[in-house]
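Here's the structure, in structure tokens; my notes come after.
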Amino acid sequence: MQIASNYARDLLTPLGENVLKCISGGTLSVLTGRFGLLKDTASCDGNADNSTNESYKFVREFGTNGTDNGQFDSPEGIAVDSSGNVYVTDSFNSRIQKFDSNGNFIAAWGSKGSKNGQFNNPSDIAVDSSGNVYVVDSGNSRIQKFDSSGSYSTKLGSADSDIVFNNPKGMSIDSSNSLFVVDYGNNNVPKFDSNGNFITKWGSEGTGDGQFNHPMYISVNNIGHAYITDTENSRVEVFAPVTENQINTGSNLNGGINENQTTLLPTGHEGISDQF
């Protein structure tokens with residue numbers, strides 16, 4: 001799940017450690033909590049209690065249930081490219097839909113099946129800095145890569161490749177365009193470079209540190225830390241890359257994370273999993 005662009009942060013951004021309470025005329029203008037939805041800016045008198053002076057108002061919605069262009073049946077993953085275009089995995093319709101930043105339909109591609117360019121319940125999507133679109137084709141246990149117009153490029157996870165997936169779910173791309181995939185059935189996280197070459201993987205089934213029980217989604221921040229929802233262990237696990245120097249000296253290898261690094265995210269980033 002990728003929330004990396006400015007547009008996506010406009011849709012969902014943390015208010016900070018304090019909740020924003022702005023009440024006017026006895027009406028709660030914002031939902032209290034880490035994330036606020038400002039319903040009516042004009043009605044707020046500005047007397048916020050312990051606020052961070054940061055809030056968000058509802059802008060628009062798009063889509064209804066159905067099979068026509070611009071309609072959805074159980075949409076799951078969403079990503080935004082550098083131009084503000086929005087890509088959605090329309091899971092039960094087995095397709096990808098592309099919209100402009102105002103929600104106007106641009107294009108759709110895909111159909112039910114296992115051929116190149118087809119999908120079986122796609123679950124997540126990500127766009128790299130070059131505009132390439134990666135789709136987690138969960139039911140077909142593979143990752144498919146397309147250009148921004150939906151033309152098929154290649155796939156990861158085929159039977160003759162370095163990594164064979166078992167029902168992958170989530171995916172994230174870091175600042176170097178490396179691709180991280182959450183392999184739900186294999187309880188691990190493979191990493192690939194921008195050309196799709198396998199780099200490494202970590203994780204195994206279990207409840208210990210660095211182990212998983214059906215992980216689902218991942219987000220990688222701008223300093224390379226990976227946040228992974230370990231679904232059936234009811235936790236989020238945090239990982240950081242281990243440098244060659246750390247390997248040689250054995251420093252900061254408690255789970256691969258420095259204690260300070262696990263508690264702080266870059267400004268404006270927050271990991272969320274709303275499973276049910």
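Bear in mind these aren't lab numbers, they're just calculated from the coordinates by the rules spelled out. Just so we're clear, the structure is a prediction, and the values are computed from it rather than from any experiment. Cβ coordinates were reconstructed from backbone atoms using ideal geometry, including for glycine residues, and neighbour counts include every protein chain displayed.
Here are the numbers:
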quantity	calculated
Net dipole in debye of region 50-195 [+1 Lys, Arg Cβ; -1 Asp, Glu Cβ; about Cα centre; nearest 20]	240 debye
Estimated vicinal HN-Hα couplings, Hz - region 98-114 in sequence order (Karplus 6.51, -1.76, 1.60; Gly, Pro = x)	10, 10, 7, 5, 9, x, 7, 5, 10, 7, 8, 8, x, 7, 6, x, 10
Value in Å of the Kirkwood radius, where region 77-165 supplies the Cα pairs that are averaged	12.8 Å
Residues with amide H under 5 Å from that of Arg95, placed H, sequence gap 5 or more	Asp90
Packing-based ranking, highest mean first, of 73-82, 133-142, 153-162, 182-191 given that Cβ atoms within 10 Å are counted	133-142, 182-191, 73-82, 153-162
Long-range HN-HN contacts of Ser141 with modeled amide H, under 5 Å	Asn167
Efficiency of FRET between Asn65 and Val242 - r from beta-carbon atoms, R0 51 angstrom, step 0.05	0.65
Out-of-range pairs (alpha-carbon distance over 18 Å; input Lys115/Lys201; Lys115/Lys191; Lys155/Lys191; Lys145/Lys169; Lys115/Lys145)	Lys115/Lys201; Lys115/Lys191
